[in-house]
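One structure is given below, encoded as structure tokens.
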Amino acid sequence: MLPGPTNVPNRVMRAMLAPIINHRSDDFVELYSDVVEKTQQVFQTQNDIVALSASGTGAVEAGVINLIKKDDKVIIPVNGEFSNRLSQLIAGQGANVIKLETPPGQNATFDQVKEAFDNNNDVKAFYVVHNETSTGTMVNYLDRVSDLTSRNDAFYVVDSVSLLGGVSLPVDKWNIDVCMTGAQKALAAPPGISPISVSAKAKKYMIENPPPTMYFNLARYFHYYEESKHTPFTPALPLLYAYREALTIMLEEGLETVYKRHKVCSDALYSGLSAIGLTPFAKEEDRSISIVALNYLEGLQDKTFRDTLAQKFKVLVAGGFGDLKGKVFRVGCMGEVSPYHVMRTISAISSTLAMMGYETNAQAGLKTAEEKLKDL
Ligand SMILES: Cc1ncc(COP(=O)(O)O)c(C=O)c1O
């Protein structure tokens, strides 16, 4: 139940046993074309796809260094570790960063974003972390941002590393120019492949203004794909096989069913864990579907709690980041997540709290979650 990497189905693990092939062969063309086509379906886009052999940060870095130059003006909401890192990366390019800062657990409102666009007609790009993994918040107005980016002729860039696949993110419908994710979160594949989609407009810019780097220069990937359906550098072949299998499983289940499963399991976790006596960290309307962040009860020791949960019940959850260390813990709700995971997690957390001397209402938690899970 980590906020990534998440559980990987056996079918996906077994896919990695396929032979290591020549990445300049027809076999590779078949594999990589299938990866691109299935990624397009999951991203709901016809845009170019690059499946980078890198962790999510690689895709995020590529999404910045290929678009942002010195003195460019960029708007970005910041309310946690990952949005902060993204803003630092953008600032590192010498850009003029307009940060819309809000307290952790709370998103900038759409009106705040609109005001920033109104005040900055010359903005070059809007960057946003869809799901702030460090605090368990999710932005719910991505559909409306494209009116602003189109009006100001700005690029629209989304880091959906910890959510894409868990909710519908229609890249083309919402006119997202660059969208990045990581295989190890809602897509339920091993870490190491990070796909990125690039619109025709962003692609043109990237080809005409390449960054002074090699590995994350996306123009090279477009060129190789167009010429031969190859990648410019040796890809992580076993991970590509696994990633393809994970996408196949998702498409077999059906994207709408996958989204519904995530939503219902998330609702059941929030309400069940609240019923045993815990409180979610994030503001209600900003709460993430895939990361359930909860406040620690007074005096509860983070390490002892998580160690007991792991050792006695085999349930892994994550602690807090930075200032939130020791104050919150985070339960991942993505990928393979099912009623089994929800019920077992609530029961294990409740028992762990009881073993540590806290009064909990396990029965109420399980009953509340069962009710929610009836929607599946
Ligand atoms: C929103 C977000 N962006 C970027 C990253 C970085 O991904 P990685 O750790 O795979 O490099 C993460 C990782 O959790 C994330 O949650």
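The values are calculated or read from the model by the stated rules, or taken from the named source; none is laboratory data. What you are looking at is a predicted structure, and each value in this text was computed from that prediction instead of being measured. Virtual Cβ from ideal backbone geometry, glycine too; neighbours counted across all protein chains shown.
Worth pointing out:
- The residue that is farthest from the ligand (Cβ to nearest atom), counting only those in the range 115-132 that are surrounded by 16 or more Cβ atoms within 10 Å (Cβ to Cβ) and over 18 Å from the mean Cα position of the chain (by Cα), is Asn120.
- Taking helices (runs of 4 or more DSSP H) as the structural unit, those lying wholly within the range 180-289 and holding at least 1 residues that are surrounded by fewer than 17 Cβ atoms within 10 Å (Cβ to Cβ) and of a type in the set (Val, Ile, Thr) correspond to 200-208, 237-253, 255-275.
- Residues satisfying the stated conditions in the range 8-21, i.e. within 16 Å of the ligand (Cβ to nearest atom) and of a type outside the set (A, V, I, L, M): none
- Given (1) under 28 Å from Val167 (Cα atoms); (2) of a type outside the set (Asp, Glu); (3) assigned to a loop (DSSP other than H, G, I, E, B), index of the condition Gly326 fails: (1)
- Residue that is nearest to the ligand (Cβ to nearest atom), among those in the range 65-76 that are buried (at least 24 other Cβ atoms within 10 Å of the Cβ) and not in a loop (DSSP other than H, G, I, E, B): Ile76
- Filter pass, Ala108 being modelled with pLDDT of 95 or more, over 21 Å from Phe222 (Cβ atoms), more than 13 Å from the ligand (Cβ to nearest atom) and in a loop (DSSP other than H, G, I, E, B): yes
- Residue that is nearest to Val292 (Cα to Cα) [pool: residues in the range 140-154 that are out of contact with any strand residue (DSSP E or B) (no Cβ under 6 Å at 6 or more places or on another chain) and not in a helix (DSSP H, G or I)]: Asn140
- Pick from the range 310-329, criterion touching a residue at least 60 places away in the same chain (Cβ under 8 Å) and surrounded by 16 or more Cβ atoms within 10 Å (Cβ to Cβ), ranking: farthest from Leu294 (Cα to Cα): Val315
- Qualifying residue in the range 158-168 (condition: at positive phi, assigned to a loop (DSSP other than H, G, I, E, B), of a type in the set (A, V, I, L, M, F, W, C) and crowded, with 24+ Cβ neighbours inside 10 Å): no
Listed here are the residues, each with its yes/no results for (1) within 16 Å of the ligand (Cβ to nearest atom); (2) without any contact (Cβ under 8 Å) to a residue 60 or more places away in the chain.
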position: Ala95; (1), (2): no, yes
position: Ser134; (1), (2): yes, no
position: Leu142; (1), (2): yes, yes
position: Asn175; (1), (2): no, yes
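- Qualifying positions in the range 45-64 - outside any helix (DSSP H, G or I) and in contact with a Phe, Trp or Tyr (Cβ under 9 Å, 6 or more places away or on another chain): Asp48, Ile49, Val50, Ala51, Leu52, Ser53, Ala54
- Scan of the range 77-93 for residues that are hydrophobic (A, V, I, L, M, F, W, C), in a helix (DSSP H, G or I) and either within 13 Å of the ligand (Cβ to nearest atom) or over 29 Å from Ala188 (Cα atoms) (or both), ordered by number: Phe82, Leu86, Leu89, Ala91
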